[in-house]
Amino acid sequence: MRRLFALLATLFALGGVSASAAATLKTETAVFAGGCFWCMEHDMGGIPGVLKVESGYTGGHVKNPTYRDVTSERSGHYESVRVTYDPAKLDYGFLLYRYWKLVDPTDDGGQFCDRGPSYRPALFVTPAQRLIAEKSRDEAAKRLKTGTMKAQILPLQTFYPAEEYHRDYAKRHALDYNLYRTGCGRDARLKQVWGG
């Protein structure tokens, strides 16, 4: 039996587990906003223990919002990602630690070159996640090299997956994605905010 579990773990780590086998694994989810969901999807997907990252929208008052609704800045939604992870390999606190390094939590007017309320950094939390999120935000505020913490912690609401053409954008359009990311100044600003 241990060999079977070891084989499944190895196959999953290599991306070779079927959807039915993956469905039997215990998973948890977390929802984050941090500006462009293409960048968040790309960066969060590289964290060991993360199983899936979906781009989408949350936090607003419009049901089934579209990208146009969200970027009109009238729906109240944030561009966000829903992260599904294996709690046996990754805990929520460490996921938060990694999240902070991916955003500029000192900017509540958007993120990098993307401006407006839909691009603000925020954590969308369940009641069970709230205290962990608050502690993590306080610790991250102490590590900032510039500015003050402005990222919000908000109650988890319905998460609406983004349109198909937004999903896995960095993988499917690597050149365009890299030009956007560099041109937007994301990585340069992150170095200013966090150092290194």
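In this structure, is Arg167 basic (Lys, Arg), under 16 Å from the mean Cα position of the chain (by Cα) and either open to solvent by 50 Å² or more (accessible area, probe 1.4 Å) or more than 27 Å from Thr66 (Cβ to Cβ) (or both)? So Arg167 passes the test. Considering Arg137, Arg74, Arg120, Arg115, the condition of being closer than 22 Å to Cys184 by Cβ and over 14 Å from the mean Cα position of the chain (by Cα) is satisfied by Arg115 alone.
Any idea which residue in the stretch 48-97 is most open to solvent (accessible area, probe 1.4 Å), counting only those that are hydrophobic (A, V, I, L, M, F, W, C) and part of a helix (DSSP H, G or I)? Lay out the reasoning, then the answer.
If we filter the stretch 48-97 for residues that are hydrophobic (A, V, I, L, M, F, W, C), which is where we start, we get 50-51, 53, 62, 70, 81, 83, 88, 90, 94-96.
Right, trim to part of a helix (DSSP H, G or I) and you get 70, 94-96.
On the way: Val70: 1, Phe94: 93, Leu95: 0, Leu96: 0 Å².
Of everything passing the filter in the stretch 48-97, Phe94 is most open to solvent (accessible area, probe 1.4 Å).
Of the set (1) of a type outside the set (Gly, Ala, Ser); (2) in a helix (DSSP H, G or I); (3) more than 14 Å from the chain's Cα centre (by Cα), all apply to Thr146 but (2). A count restricted to the stretch 143-196 and to residues that are in contact with a Cys (Cβ under 9 Å, 6 or more places away or on another chain) and more than 30 Å from His61 (Cα to Cα) stands at 2. For the stretch 30-47, the set of residues classified as open to solvent by 20 Å² or more (accessible area, probe 1.4 Å), of a type in the set (Gly, Ala, Ser) and outside any loop (DSSP other than H, G, I, E, B) consists of Gly45 only.
Of all residues in the stretch 149-160, which are open to solvent by 60 Å² or more (accessible area, probe 1.4 Å) and either small (Gly, Ala, Ser) or not in a loop (DSSP other than H, G, I, E, B) (or both)? Steps first, answer last, please.
Residues of the stretch 149-160 that are open to solvent by 60 Å² or more (accessible area, probe 1.4 Å), as a first pass: 150, 152, 155-158.
Those that are open to solvent by 60 Å² or more (accessible area, probe 1.4 Å) and either small (Gly, Ala, Ser) or not in a loop (DSSP other than H, G, I, E, B) (or both): Gln152, Pro155.
Here Glu134 meets the list (1) part of a loop (DSSP other than H, G, I, E, B); (2) surrounded by fewer than 17 Cβ atoms within 10 Å (Cβ to Cβ); (3) not hydrophobic (A, V, I, L, M, F, W, C) almost entirely, failing just condition (1).
Taking the stretch 169-196 as the range and being touching a residue at least 24 places away in the same chain (Cβ under 8 Å), touching a Phe, Trp or Tyr at 6+ places or on another chain (Cβ under 9 Å) and part of a loop (DSSP other than H, G, I, E, B) as the test, only Gly185 passes. Number of residues in the stretch 57-75 that are free of Cβ contacts under 8 Å to residues at least 40 places away in the same chain and on the phi > 0 side of the Ramachandran plot: the value is 0.
Here Gly109 fulfils each of the conditions (1) more than 21 Å from Leu144 (Cβ to Cβ); (2) without any contact (Cβ under 8 Å) to a residue 24 or more places away in the chain apart from (1).
Based on what the data block shows, is Pro117 of a type outside the set (D, E, K, R), within 23 Å of Gln192 (Cα to Cα), at pLDDT 95 or above and open to solvent by less than 10 Å² (accessible area, probe 1.4 Å)? Give the derivation first.
Details: of a type outside the set (D, E, K, R): yes; within 23 Å of Gln192 (Cα to Cα): yes; at pLDDT 95 or above: yes; open to solvent by less than 10 Å² (accessible area, probe 1.4 Å): no.
Criteria not met by Pro117.
The values are calculated or read from the model by the stated rules, or taken from the named source; none is laboratory data. As the structure is a prediction and not an experimental result, all values here were calculated from the model. Reconstructed Cβ throughout: ideal geometry from the backbone, glycine too, with neighbour counts over all protein chains shown. Just so you know, the surface numbers come from the protein's heavy atoms only, side chains and all, with ligands and any DNA or RNA stripped out. Shrake-Rupley method; radii C 1.70, N 1.55, O 1.52, S 1.80 Å.
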